[in-house]
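Visitor: Got a structure for you, written out below as structure tokens; questions coming shortly.
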Amino acid sequence: MEPSEFGRFSDPALLILASLAGGEKHGYAMMEDIEATAGVHLGPGTLYGAISRLEGEGLIEALPAVERRRPYRLTPHGAAFLRQYLASLQKFVSLGYKRLEV
Amino acid sequence: MPLAVRAWLMRLYPRPWRDRYAVEFEALLEQCLHSPLDVVDVMLGALDAHLQLLNGENVNWRLMNMLNKLRTTILIVFAAFIGFVVAGMALNGILDDSQMIPLMKTNPAPNIAMSIIQAGAIVALLAVVVGGLPLAITVIRRAVSVERRNLGLLLVPVISLFVLMLYFGFIFLVASGRIQIDGVVPVVQPGNFPAGNRLMLAGLMLVFILGAIASTLAVWKVISRTNVERETFQAWNRALDINIYKFAYIPAVVAACSMWVMLVATVIWSWLVFTTLPQVFVGDFGLWMTSTQVWISSIITVMVICSLAALFGIIHGRSAMIQA
């Protein structure tokens with residue numbers, strides 16, 4: 001599974017995974033967290049488009065609803081996926097810095 | 001944004017998507033749908049969900065919908081089984097101390113039909129217990145640990161049973177003569193069945209039926225609220241990971257088949273009794289010495305409704321079972 005497979009939801013999907021890496025959250029809490037940490041406003045349609053795909057891929061899982069809000073959390077598969085992606089991103093960042101120094 | 005706009009936006013999404021996400025998405029829209037850009041974003045999200053369906057993407061909400069179907073199947077078969085039990089107990093009540101018992105001792109045909117009914121009842125009960133046990137354990141576990149609001153509903157069957165036992169205790173005290181009520185005799189005879197006794201026994205039936213309905217509805221509600229498809233059980237020092245609804249499907253099919261077998265056997269048994277003992281059939285040998293044929297017809301009608309409901313449930317969940 002590659003991040004690009006999420007299509008127009010690839011960035012929101014990664015933002016959601018990173019947000020859930022900090023603990024389980026429901027939709028609105030994810031929106032607020034992503035806005036606060038990444039400065040990105042995700043619309044509700046985009047958020048749930050990404051959530052449904054992430055859930056479909058088994059990267060996140062739904063928890064029992066609290067009133068009408070349903071929290072989600074990262075699955076072990078989702079955590080491994082995020083770790084792998086961040087590692088590859090780190091390599092790319094290091095390479096970019098090296099080239100800038102040359 | 002007004003409620004009407006939110007409702008309209010929700011309807012743009014495909015039905016299976018709404019079945020899975022509608023409640024939480026509606027709660028989110030209440031909080032964050034402020035600008036026209038958000039409305040456009042939701043519209044694009046709905047379009048994307050339709051495209052996912054058209055593209056045949058393996059999305060989880062379709063799987064979730066299938067699991068919902070399986071859950072509905074299990075609940076329908078369970079409710080049908082409870083209805084069948086009520087009808088079966090009424091049939092048993094008619095049989096008690098009736099002229100049909102000596103008939104069955106001398107005539108093998110109705111005896112065989114009754115044995116088939118009893119065997120069917122045992123098989124159906126075992127199937128419901130085997131299929132429902134992991135589900136019951138899961139529901140109770142979740143109610144204790146997470147979904148505490150379900151605890152009250154789980155008490156409904158317990159309270160219903162308690163009320164029924166209290167009523168039985170009251171009848172026992174009346175029958176033993178410790179409580180005396182005007183118009184009620186301790187022991188009824190064929191020629192002496194006062195209206196007070198009929199009323200008391202009608203009350204017993206009412207308590208039993210209302211308790212069965214309330215318990216079934218409470219269990220239905222608890223299972224519908226418990227959003228768990230898989231559960232891990234420890235057995236023989238091994239961890240068993242079970243998809244509780246898939247696991248319950250085959251026992252549900254067995255229970256439904258048993259209901260049909262019992263229905264056919266009941267119809268045959270009734271016909272045999274009718275042809276051999278017509279005076280019993282047209283007489284007042286039903287519960288509380290009321291019309292036998294009205295009771296038998298009512299029992300068969302309830303059995304037909306329950307068997308049809310169980311069959312509908314099995315067909316409803318069949319496609320989900322194949323794809324889940």
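Values in this text are rule-based calculations from the coordinates and carry no lab data. All values derive from a computational prediction rather than experimental measurement. Heads up, the Cβs are rebuilt from the backbone with ideal geometry, glycines too, and the neighbour counts pull from every protein chain shown.
Visitor: Along each of the three principal axes of the Cα atoms of the protein assembly as shown, give the extent in whole Å, ordering the values from largest to smallest.
Guide: For the protein assembly as shown, the Cα extents along the three principal axes come out at 110, 47, 45 Å.
Visitor: Shifting gears a bit: Does segment B:3-54 classify as rounded, prolate or oblate by the C-alpha gyration tensor (a ≥ b ≥ c root eigenvalues; a/c under 1.5 gives rounded; else a/b over b/c gives prolate, otherwise oblate)?
Guide: oblate
Visitor: Just subtract the alpha-carbon distance of B:Val282 and B:Asn111 from 0.36 nm times their residue separation and send over the number in nm, one decimal.
Guide: Between B:Val282 and B:Asn111, full extension yields 59.5 nm more.
Visitor: Using a Gaussian network model of chain B with C-alpha springs under 10 Å, which one of B:Ala248, B:Ala113, B:Ala49 is most mobile by mean-square fluctuation?
Guide: Per the Cα network of chain B with a 10 Å cutoff, B:Ala49 tops the list.
Visitor: For segment B:120-127, just list the computed ³J(HN,Hα) in residue order, Karplus coefficients 6.51, -1.76 and 1.60, θ = phi - 60°, integers in Hz, with x standing in for Gly and Pro.
Guide: My calculation for segment B:120-127 gives x, 5, 5, 4, 4, 5, 4, 4 Hz in order.
Visitor: State which stretch of chain B is the longest one without any exposed trypsin sites (Lys or Arg not before Pro), exposure meaning a DSSP loop state and at most 10 other Cβ atoms within 10 Å.
Guide: B:1-147
Visitor: Could you list A:Tyr85, A:Tyr48, A:Tyr97 so that the one with the fewest beta carbons within 10 Å of its beta carbon is first and the one with the most is last?
Guide: Final ranking by Cβ density, sparse to dense: A:Tyr97, A:Tyr85, A:Tyr48.
Visitor: Pull out the extension gain between B:Leu53 and B:Val187, defined as 0.36 nm times the separation in residues minus the alpha carbon to alpha carbon distance; nm, one decimal.
Guide: My answer for the length gained is 41.5 nm.
Visitor: With only alpha-carbon atoms in the gyration tensor, what are the semi-axes of the equivalent ellipsoid for segment B:70-323, in Å, largest first?
Guide: Equivalent ellipsoid of segment B:70-323: 37, 25, 14 Å, largest first.
Visitor: Starting from the Cα of B:Arg238, step 7 Å along the direction of its Cβ; do the same at B:Val267; then give the gap between the two resulting points in nm.
Guide: Calculated label separation equals 4.3 nm.
Visitor: Under 12 Å from a point 7 Å along the Cα-to-Cβ line of B:Met205: which residues of segment B:68-88 have their amide N that close?
Guide: In segment B:68-88, the label zone of B:Met205 (backbone N under 12 Å from the point 7 Å along Cα→Cβ) covers B:87.
Visitor: Enter the angle in degrees (range 0 to 90, nearest 10) between the Cα long axis of helix B:292-323 and the first principal axis of the Cα atoms of chain B, meaning the one along which they spread out most.
Guide: Once rounded, one gets 20 degrees.
Visitor: In what sequence do B:Trp260, B:Trp269 fall when counting other Cβ within 10 Å, fewest first?
Guide: By the 10 Å Cβ count, ascending, the order reads B:Trp260, B:Trp269.
Visitor: What are the membrane-span-like helices in chain A by this rule: whole DSSP H runs, Cα extent along the axis at least 20 Å, mean Kyte-Doolittle hydropathy at least -0.5?
Guide: In chain A, the long hydrophobic H runs are A:76-101.
Visitor: Something else now. Averaged over B:19-27, how many beta carbons belonging to a partner chain fall within 10 Å of each residue's beta carbon?
Guide: Averaged over the peptide's residues, the number is 5.
Visitor: Moving on. To the nearest 10 degrees, how steeply does helix B:149-175 sit against the main Cα axis of chain B, on a 0 to 90 scale?
Guide: The angle comes out near 10 degrees.
Visitor: Continuing with the same structure: Under 5 Å between amide hydrogens, which residues at least 5 positions from A:Arg70 or on another chain qualify, with H placed 1.01 Å from N in the peptide plane?
Guide: A:Gly27
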